[in-house]
Amino acid sequence: MELPDRYSPKDVEGRIYQWWMDRHYFKAQETSTKPPFSIILPPPNVTGKLHLGHALNHNIQDALARWKRMSGFNVLWLPGTDHAGIATQSVVERELKKEGTNRHALGREKFVERVWKWKEEYGGNIVDQMRRLGDSCDWDRLVFTLDEGVSKAVRKVFVDLHNKGLIYKGLRLINWSPALESAISDLEVDYKEVKGSIWHIRYPLADGSGEIVVATTRPETMLGDTAVAVHPDDERYQQWIGKEVQLPLTGRKIPVIADSYVDKEFGSGVVKITPAHDFNDYAVGQRHKLPMINILNKNGTLNEAAGAVYQGMKVADARKKVLEDLEAGSFLVKTEPHTHQVGHCSRTGCVVEPFLSEQWFVKMAPLAAPAKRVVESGTINFEPESWTKTYLHWMNIIQDWCISRQLWWGHRIPAWTCGGCQKIIVSETDPAQCPHCKSKDLKQEEDVLDTWFSSALWPFSTMGWPADTELQKTFYPTTVLVTGFDIIFFWVARMIVMGLEFKKDVPFRTVYIHGVIRDAQGKKMSKSTGNAEDPVQLIEEYGSDALRYTLLAQIAGGRDLKFSTQRLEGYRNFMNKIWNATRFSLNGLKDFEAPADGVEAVPNKVDLTDADQWLIYKLGVLEKDVDEALKDYRFSDAANGIYAFVWNIFCDWYLEFIKPIFQEGADPAQKKATQLVLAQVLNRVIRLLHPFAPFITEEIYQKLPIRGEALIVDSYPTPKIDKTLLALGSEEVALELDLVREVITAIRNIRGENRIKPGTKINVRLAPTEARAQKILGENKSSIMTMSRLETCEIGEAGNLAKCAVQPVQIGGMKVDVIIPLEGLVDIGEEVVRIRKNIEKLQKDVGSLTNRMADANFVSRAGEEVVAASKRQLEESQAQIGTLEAALARLM
RNA sequence: GCGGUUAUAGCUCAGUUGGUUAGAGCGCUACCUUGACAUGGUAGAGGUCCACAGUUCGAGUCUGUGUAACCGCACCA
């Protein structure tokens, strides 16, 4: 079968993916004798378009899934999509706006219907994108966060927590997004530095006995002030404590209180207290039982409590007006520039307002305690480990979780208020009547739950909980969670909490936290800055495997990754290299008969060339390294190791070494042996590559002479399972072949440096100093001649060095002088320069080695082998200098 | 303020337990269309491993201090 000379991902990826699907290779077995391996996919938003971060996240999980599947595990990779309350609702609201209407006009029921319709139509897009990435998820188990089963789980958890007193409804100061007109959680607030001012305002005492100056960054909130506070020990203000001040503009009288929250050193040492619009003031207000005046509407404008003048104004306008009025009344003392952190809504970017409102909360402290313990004890471990500290820190300062959102798209809170007795009923099923007063006048809460509430249950709600399913028995706790650090608090921590509370076990054993993808300049990729790359677009252009290799080869130790298309191009080239190496190999295997015992077949050791044994030895090292790297989540080490093997060992050397064997006249026994080695090693390389480049490898695999049914379900090569083949490798022979390679490199080096045309065939004398080198060179003479394009090659005495280029080569105790007569070939001057450069380099080594050997401390204290090695190196370097100097003398 | 991460070639990064001459890819220079691949090949140039101190016979690697950059968390109105 003929392969095109370039790998074309487009012709392969879709077909291969469909083939895997048709054959159900992604399916997990509910029960199996195989050990389980499970991953829950962090569900992307249904609205979403995958970004590169998703690609990385999914590629890691898929690499793990494929590796484990090949390693004999019963693999469950459970996919899902998230309803993403705010994001999805916004998309549909934008659609409505275009149609000249809005959700309020439509009404709740119709609107939610409309969102569902949207989801049915576009929700599949995100799944299609995941398939482009090659995700080998068990698609038959695809779950959506609003599916019936998941919704049941959500209700059960809500009701249980409520019955345990861990969910409560209360009037609290919460973070309010005026743009969304909804509460948001602490985590959804991003603090950004904003340049503002700090205004000093005069508050006259009510009894006219003086005035007090307060400092504030938000003058408009003074309309809701209910006290002025000073530090109890502040000598300047002792006489004011307990008196009243008259609030400018409103004339309201408010007390001066003492509270140690006030910092004497900051500003004027006097703080205006607005309990309804500041978290610290709220705390002070609670301590002093101050009244709370809410001056804001839900949309962020001022309400009637702010006074007729300001009612209806936006906060920014009100601030201006208040300052004008203060100025006019000469209440304003001074204005200073001041930068401070201002909370912004992570969804809309609007300024978040602390807002007094009735919301539902989860009491976190009792739930956090066991969730801390499982991480402290190592039942769950973070990879990299340093995230443990971040996690524990957050768990220590955790606040109650505000879970209600004033949206329509999501899990509606399963609580009803009875019109008869006003009691609140919380129930898993919609109640027909009030259990207390039997009234049928029940009204369900309007609010929905924070998206992350259902996400927190994901590891078990997706497996059929609360029913007791086989799936949970087999796969819970899951093996590993793969995610970015940005949702450790949003998601990871809350899953641990809920898993422990409802499954009495951790949701996963390991949390693998990977870095963030940045652009080539190191900036965070985002839609708004326009530097976000579209993975599907990149796949179109470079192929899914190339993209995956780029990401996996660079992800290490949880560090961020800088993405450049230049790098992507490099790995695209690598895919092509693999393709062409296969093309060449298959050509050489045209008359090769696949052995009956397939992958177990090995040639007789006596028929193997040195190159065969060298290659097999290197393969053994690779298999060991890759196995260890993958076990430690060192994807880049594994990917780079395979890359180097394929390119620098297999292609650059091995394929070159075996080329003559495929020419006519080669020894048939040797050819047969080499063909078998080639077929077996190619088979191993393709299998090793599969988790990192699934499409191209499966495509190639199907054309290999030695193969099974499908690569995706073949086994993953390790030294353990490849014992028979790897036993043919030899470290000793490998070292000998390295000498041959060094000799070839030396000849090429002399050629290059002396600018001898590649077409010019030259004569070389090789002068080994011991029998072992003599033997190995003799055995590989024809390879040396071909690969360095020689006319003649003598192996023996150094002979006359007059007008000769000379390069000493030594490796593992074997030594060879490479000698090339230059007479009539080139200008001798180049060789003089080349030799001098080499001598200089050697002299530097000799210098430091001499110093070291002269150091009595080194000789007596360093390990014996180290001293011996240094001594040997010194002698060898000196000998090489001798050789080169002799050659130099003969050149002049 | 508390915590974390990073600092190695022009760029992006490897360098596992301290041990010969610190590696790769890209970029750069020269040469090469040789029968797998120009998305290729061969050779080459390029590094005071952030600074200082310490431990050690020996430090890119371990310890401390400092500097710089990035990221969390908490924040003073």
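The values are calculated or read from the model by the stated rules, or taken from the named source; none is laboratory data. Just so we're clear, the structure is a prediction, and the values are computed from it rather than from any experiment. Positions of Cβ are backbone-derived with ideal geometry, glycine not excepted, and every protein chain shown enters the neighbour counts. Heavy atoms of the whole protein, side chains included, go into the accessibility calculation; ligands, DNA and RNA do not. Shrake-Rupley method; radii C 1.70, N 1.55, O 1.52, S 1.80 Å.
Observations
- Percent antiparallel among DSSP beta bridges (both partners in chain A, rounded to 5): 70 percent
- Calculated on the Cα set of region A:291-334, radius of gyration then Dmax: 11.3, 32 Å.
- Taking chymotrypsin sites (Phe, Trp or Tyr not before Pro) in DSSP loop states with no more than 14 other Cβ atoms inside 10 Å as exposed sites, chain A has its longest site-free stretch at A:267-892.
- Kirkwood Rh and Cα Rg combined as Rg over Rh, evaluated for region A:382-518: 1.07
- Percent of alpha-carbon pairs separated by more than 28 Å within region A:694-839: 39 percent
- Straight-line cross-link partners of A:Lys871 among the aspartates and glutamates, defined as a Cα under 14 Å from its Cα and at least 8 positions apart when in the same chain: A:Asp845, A:Asp855.
- Taken over region A:304-395, the alpha-carbon convex hull comes to 209 cubic angstrom per residue.
- Kirkwood hydrodynamic radius of region A:415-496, from inverse mean 1/r over distinct Cα pairs, in Å: 15.6 Å
- Solvent exposure of region A:279-419 as accessible area per residue, Å², 1.4 Å probe: 48 Å²
- By accessible area, using a 1.4 Å probe on protein heavy atoms only, region A:195-343 has 49% of its surface on carbon and sulfur.
- Of the trypsin sites (Lys or Arg not before Pro) found in region A:469-517, those that fall in a DSSP loop while having at most 15 other beta-carbon atoms within 10 Å are A:Lys504.
- Solvent-accessible area of A:Asp140, all protein chains in place: 110 Å² (probe radius 1.4 Å, heavy atoms, ligands and nucleic acids excluded).
- Taking trypsin sites (Lys or Arg not before Pro) across region A:560-600, the ones in a DSSP loop with at most 14 further Cβ atoms lying within 10 angstrom of their Cβ are A:Lys590.
- Hits among lysines - C-alpha to C-alpha of A:Lys10 under 22 Å, sequence gap 8 or more where chains match: A:Lys49, A:Lys577, A:Lys703
- Where the alpha-carbon atoms of region A:442-561 are placed on the principal axes, they occupy 53, 39, 26 Å, in descending order.
- Computed from backbone phi, the HN-Hα couplings of region A:268-282 come to 9, x, 10, 10, 7, 10, 10, x, 8, 9, 7, 5, 5, 5, 4 Hz, rounded to whole numbers (Karplus: 6.51 cos²θ - 1.76 cosθ + 1.60, θ = phi - 60°; Gly and Pro given as x).
- Heavy-atom accessible area for A:Asp468, with the other protein chains in place and a 1.4 Å probe, reaches approximately 120 Å².
- Cross-link pairs A:Lys164/A:Lys298; A:Lys195/A:Lys314; A:Lys590/A:Lys659; A:Lys523/A:Lys631 - those with Cα-Cα distance over 21 Å: A:Lys164/A:Lys298; A:Lys523/A:Lys631
- Fraction of accessible area attributable to carbon and sulfur, region A:576-692 (%, probe 1.4 Å): 48 percent
- Both radii were evaluated on the Cα set of region A:502-614; the Rg over Rh quotient, with Rh as the Kirkwood radius, amounts to 1.18.
- Each principal axis of the Cα cloud of region A:600-754 was taken in turn, and the coordinate range along them, longest first, works out to 48, 36, 28 Å.
- Per residue accessible area of region A:97-230, 1.4 Å probe, in Å²: 43 Å²
- Ellipsoid fit via the Cα gyration tensor, region A:772-892: semi-axes of 31, 20, 10 Å, each the root of five times an eigenvalue, largest first.
- Alpha-carbon Debye profile of region A:55-174, log10 I(q)/I(0) at 0.18, 0.20 Å⁻¹: -1.07, -1.13
- Computed on the Cα trace of region A:357-426, the radius of gyration divided by the Kirkwood hydrodynamic radius gives Rg/Rh = 1.17.
- Solvent-accessible area, 1.4 Å probe, carbon plus sulfur percent, for region A:407-536: 49 percent
- Cross-link reach list, aspartates and glutamates versus A:Lys152, counting only Cα pairs under 15 Å and skipping chain neighbours closer than eight places: A:Asp160, A:Glu428, A:Asp430, A:Asp468
- In sequence order, calculated HN-Hα J values of region A:223-233 (Karplus, 6.51, -1.76, 1.60; Hz; x Gly/Pro): 5, x, 5, 10, 6, 10, 10, 10, 6, x, 9
- Coarse-grained scattering of region A:675-740 at q = 0.29 Å⁻¹, given as base-10 log I(q)/I(0) from a Debye sum over alpha-carbon atoms: -1.27
- Think of it this way: in chain A, A:Cys137, A:Cys345, A:Cys350, A:Cys402, A:Cys651, A:Cys793, A:Cys804 stand alone, with no other Cys Cβ under 4.7 Å.
- Simple spin-label estimate for A:Glu211 and A:Glu428 in nanometres, 7 Å along Cα-Cβ: 6.6 nm
- Base-10 log of normalised Debye intensity for region A:315-469 (one unit scatterer per alpha-carbon) at q = 0.08, 0.12, 0.20 Å⁻¹: -0.47, -0.87, -1.37
- Fraction in percent of alpha-carbon pairs per bin - 5 Å, region A:587-680: 2, 12, 21, 21, 18, 12, 8, 4, 1, 0
- When each of A:Lys192/A:Lys334; A:Lys803/A:Lys837; A:Lys156/A:Lys363 is checked by Cα-Cα distance, pairs over 22 Å: A:Lys192/A:Lys334
- In this view, the solvent-accessible surface of A:Glu193, computed with a 1.4 Å probe and all protein chains in place, comes to about 130 Å².
- Cα-based Rg / Dmax (Å) for chain A: 37.2, 117
- Kirkwood Rh (inverse of mean 1/r, distinct Cα pairs), region A:1-96, angstrom: 16.4 Å
- Over region A:492-550, the alpha carbon radius of gyration divided by the compact-protein estimate 2.2 N^0.38 Å works out to 1.71.
- Note that region A:253-337 shows a convex hull volume over its alpha carbon atoms of 131 Å³ per residue.
- Heavy-atom accessible surface of region A:730-775, averaged per residue, reaches 49 Å², computed with a 1.4 Å probe.
- Qualifying GluC sites (Glu not before Pro) for region A:39-139 [loop in DSSP, other Cβ within 10 Å: at most 10]: A:Glu99
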